[in-house]
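Contents: one structure, followed by commentary.
Throughout, read-outs are computed from the coordinates displayed, never taken from laboratory work. Every value quoted in this text rests on a predicted model; they were computed, and no experiment measured them. Cβ atoms come from the backbone with ideal geometry, glycine included; neighbour counts cover every protein chain shown.
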Amino acid sequence: MNKTHEGAIMIRGKGTGFVAHPNLEEDIVIERENLNFALDGDIVEVDLKKKQSGKRQEGKVVRVVKPAHRELIGEVKEREENGKTIKYLQPDNHRIHVRPLLPDATANDLKMKVVVEIDSWKNPQLDPLAKIIETLGHAGDHETEMQAIIRSGGFSKEFPESVQQAAHELYESKEEIFAKAIADPKRRDVRGVTTMTIDPADAKDFDDALSIQTLENGNVEVGIHIADVSHYVREGEPLDKEAVERGTSVYLVDRVIPMLPEVLSNDLCSLRPNEDRLAFSAIFELSPEADVVNGWYGQTIIHSDKRFSYQEAQEIIDQGEGEYLEELTTMMELSRKLRKKRYQKGAIAFEQPEVKFELDERGAPIKAYKKHRTETMMMIEDFMLLANREVATYINNESKSKNKDMAFVYRIHDVPNPDKIEELATFVHALGYEFEAKNGIVQATSINKLMKAVEGKPEENLIKTASIRSMAKAVYSTKNIGHFGLAFKYYTHFTSPIRRYPDLMAHRMLRKHLDGEQIGPKQSSNYERISIQSSEREMEAVSAERDSIKFKQVEYMMNKVGEEFDGVINGVADWGIYVQEQDTLADGMVKLSSIKGDYFEHEAKKYRIKGQRTGKVYHLGDPVRVKLVRADKDERQLDFELVEKKGD
């Protein structure tokens, strides 16, 4: 094994680093004094120390190959040191182990959220010197915190002038663009077929619509029409370059950071009702049993007859009366059959509850609730999955029939890592559930069996979260390996080009293949590079979305200190147990030292704590009643006290 190794460093706790190594079962451990100038996320070169028997491989950072942070964001604070008052940055990112000193900061900067750049860092054992390059506002204020989250993820609401200008020019020439599109003989006119959009009540961009008609042979034609963004946003132009960099739209609790300027996402490309619109469509002839008999792919002109919210469409189906009842009912029947087949083939039912907030005019949360998942949501999802699967399958069938490699962008999901599956098996067995896994190899049917067994139980969310964490991450790639979670051999993202760049790539590549154009090796490698970048941007967007939810959860709970809540134990550690409150899904900690009447010890292998005197046990997954004693908005932390174990 080489004496040095290059990889990304993760820094946890008060400054212990971990770097994965392909030839080692466990990560290389790097103690704080050996971190050198590394920060969490940096690509580093590590010198491997001589391995001590019975100990993990230790290492020392030799150099930082590629830094992960151009800037740091946090709150300006002060402390006393050697009789002097020192101002420093408390980073928002808790994985940053240093506290940069701010020699130029004034009293006015205290309690402000700022962006800093490291100016000088000569001794890795001391905190670096930094300078404030931007002040975002008062720490804790809604707008300041949202801006900090956006900035931390490298996102921006504002578009460069050249991009805004390009969007404006497209809008100004929309009639001319549309006239040329209609004149294209390759574009199919489907405006005569009943078409509708079904979206959240507050949706502003409609990137998918469904059309439906019953054919003379008794089969049903379903058109899945997707906003034809590729007709407006051309490869290599300013709008496209900006969309590549953004990679995705970001959905925070109170706003959307769009991938495309709103004149495109909410207007030109949006499939708005009662207007002619350009679409890229996948039109299927389905048998009454929802089998695909025929498929057609290409650009279209559509006219959406109706815009439904999920709730409106659900009410019509449930009550058996209302506009387009027949069409909605037929679509629902077909979608149920599609869903049933998917699960029979091994697709995993990982759906988890989402928390939503009602905010006042200042952005403060006045209500928190779990989002209700209607069957019409699942129906739209079923048809989007159908289009995504069939488009990818079509490319592969064409590739085989023409005996040539046809480049495409896939959404792939690898089989789980056997070690992680072994850990999951140990975990769920400790909670009293059966789980079939042989040497870390698991069938999707076993995971589904587990999902079914935990349905409606207090520990349902906990086990689903643990199962998701044991899975590989779904990513974009031009190299297809299939999608384990959906049990699809071929799968792409075709249905959301307004908000996901890989979908826009899929449209362009499909069009080229339909036209018989060859995608060369140079283009293919560029598509792979963008796929990797889009996967990274997606992870950053998910992280920003979670941060905004976490901030609002803690802010919402600040007015409820002293109140009692029902929750479930979702973590056990040496210092305490973690509890998830059942309505807001907010996580908080109960310190072991705060549990009255006994001295509790952590029994790690049994996922529980146990009282020395009474033998009382609190187990992972147990429902409990807790009292909120502290809510810290700066630290994004809640502290609970145990009131009782439910059922005691």
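Count charges around GLY440 for me, please; just the other residues with Cβ under 13 Å from its Cβ, Lys/Arg as +1, Asp/Glu as -1.
Taking every Cβ under 13 Å from that of GLY440, the sum is -3.
How large, in Å, is the chain by the Kirkwood hydrodynamic radius built from its alpha-carbon pairs?
This gives a value of 27.7 Å.
Mind putting a number on the dipole of the range 286-351 about its Cα centre? Charges go on the C-beta only, +1 for Lys and Arg and -1 for Asp and Glu, and I need it in Debye to the nearest 20.
560
Around ILE73, with a cut-off of 12 angstrom between Cβ atoms, what is the net charge of the other residues, counting Lys and Arg +1 and Asp and Glu -1?
My count for the surroundings of ILE73 gives -4.
So what is the calculated 222 nm ellipticity per residue for the chain, using -39500 (n - 2.57) for each DSSP H run with n of 4 or more, over all residues, to the nearest 500 deg cm²/dmol?
It lands at -9500 deg cm²/dmol.
Over all alpha-carbon pairs of the range 561-645, lay out the pair-distance distribution in 5 Å bins, whole %, shortest bin first.
In whole percents, the pair-distance histogram is 3, 16, 29, 26, 16, 8, 2, 0.
For an R0 of 41 angstrom, estimate the FRET efficiency from the Cβ-Cβ distance between GLU644 and LEU110 and round to the nearest 0.05.
With R0 = 41 Å, the Cβ-Cβ based efficiency is 0.45.
If you stretched the chain out fully between LYS616 and VAL292, how much longer would it get, using 0.36 nm times the residue separation minus the C-alpha to C-alpha distance?
110.9 nm
Which ³J(HN,Hα) values in Hz, rounded to whole numbers, follow from the phi angles of the range 404-420 under the Karplus curve 6.51 cos²θ - 1.76 cosθ + 1.60, where θ = phi - 60° and Gly and Pro get x?
8, 6, 9, 4, 7, 10, 10, 9, 10, 9, 6, 5, x, 5, x, 4, 5
Report the net charge of residues surrounding ASP405, where surrounding means a beta-carbon distance below 12 angstrom and charges are Lys +1, Arg +1, Asp -1, Glu -1.
Net local charge, ASP405 excluded: +3.
DSSP beta bridges in the chain, what fraction antiparallel, as a percent rounded to 5?
Counting only bridges with both partners in the chain, antiparallel ones make up about 90 percent.
So if I place +1 on the C-beta of Lys and Arg and -1 on the C-beta of Asp and Glu, and nothing else carries charge, what would the dipole magnitude of the range 87-206 be about its Cα centre? I want it in debye, nearest 20.
The calculation lands at about 440 debye.
Between the range 96-136 and the range 40-55, what is the separation of their alpha carbon centroids in Å?
For the range 96-136 versus the range 40-55, the Cα centre distance is 29 Å.
Pop a pseudo-label 7 angstrom from the Cα along the beta-carbon direction at both ASN417 and MET10 and give the gap in nm to one decimal.
Calculated label separation equals 0.7 nm.
Please state the Cα pair-distance histogram of the range 2-157 with 10 angstrom bins from zero: what percent is in each bin?
Spelled out per bin, shortest first, that is 11, 36, 30, 17, 6, 0.
So how far, in whole Å, is the C-alpha centre of the range 404-480 from the one of the range 553-598?
Cα centroid of the range 404-480 versus Cα centroid of the range 553-598: 28 Å apart.
What are the equivalent ellipsoid semi-axes of the range 321-371, built from the alpha-carbon gyration tensor (square roots of five times its eigenvalues), in whole angstrom, biggest first?
The answer is 34, 21, 6 Å, longest axis first.
Round to the nearest 0.05 the FRET efficiency obtained for ALA364 and ASN403 when R0 = 56 Å and r is the Cβ-Cβ distance.
0.35
Under the Kirkwood approximation for Rh and a Cα-based Rg, what ratio Rg/Rh is obtained for the range 161-386?
For the range 161-386, the value is 0.98.
Scan the chain and hand back the longest stretch that contains none of the chymotrypsin sites (Phe, Trp or Tyr not before Pro) lying in DSSP loops with at most 15 other Cβ atoms within 10 Å.
122-349
For the residue pair ILE441 and ASN396, what label-to-label distance in nm results when each label sits 7 Å from Cα along the Cα-to-beta-carbon direction?
2.0
By how many nm would the segment from HIS372 to ASN274 grow when fully extended, if each residue of separation counts as 0.36 nm and the alpha-carbon distance is taken off?
Residue separation times 0.36 nm, minus the Cα-Cα distance, leaves 32.4 nm.
Test of understanding: what is the full-extension gain from GLN319 to LYS560, defined as 0.36 nm times their sequence separation minus their Cα-Cα distance?
82.8 nm
If the cut-off is 26 Å between C-alpha atoms, which lysines fall inside it for LYS49, apart from same-chain ones fewer than 8 positions away?
Once the sequence-local lysines are set aside, what remains near LYS49 is LYS3, LYS14, LYS60, LYS66, LYS122.
How large is ³J(HN,Hα) for each residue in the range 455-465, as worked out from phi by the Karplus curve 6.51 cos²θ - 1.76 cosθ + 1.60 (θ = phi - 60°), to whole Hz, x for Gly and Pro?
Ordered by residue, 3J(HN,Hα) equals 3, x, 7, x, 8, 3, 5, 4, 6, 5, 4 Hz.
Output the pairs from LYS370/LYS464; LYS55/LYS610; LYS457/LYS489; LYS473/LYS552; LYS157/LYS356 with a Cα-Cα distance over 24 Å in this structure; if there are none, say none.
LYS55/LYS610; LYS457/LYS489; LYS473/LYS552
Quick one: Karplus J couplings for the range 264-278, per residue in order, coefficients 6.51, -1.76, 1.60, θ = phi - 60°, nearest Hz, x for Gly and Pro?
8, 5, 9, 10, 3, 8, 5, 7, 6, x, 6, 9, 6, 9, 8
Determine by what factor the alpha-carbon radius of gyration of the range 72-139 differs from 2.2 N^0.38 Å, reporting the quotient.
1.02
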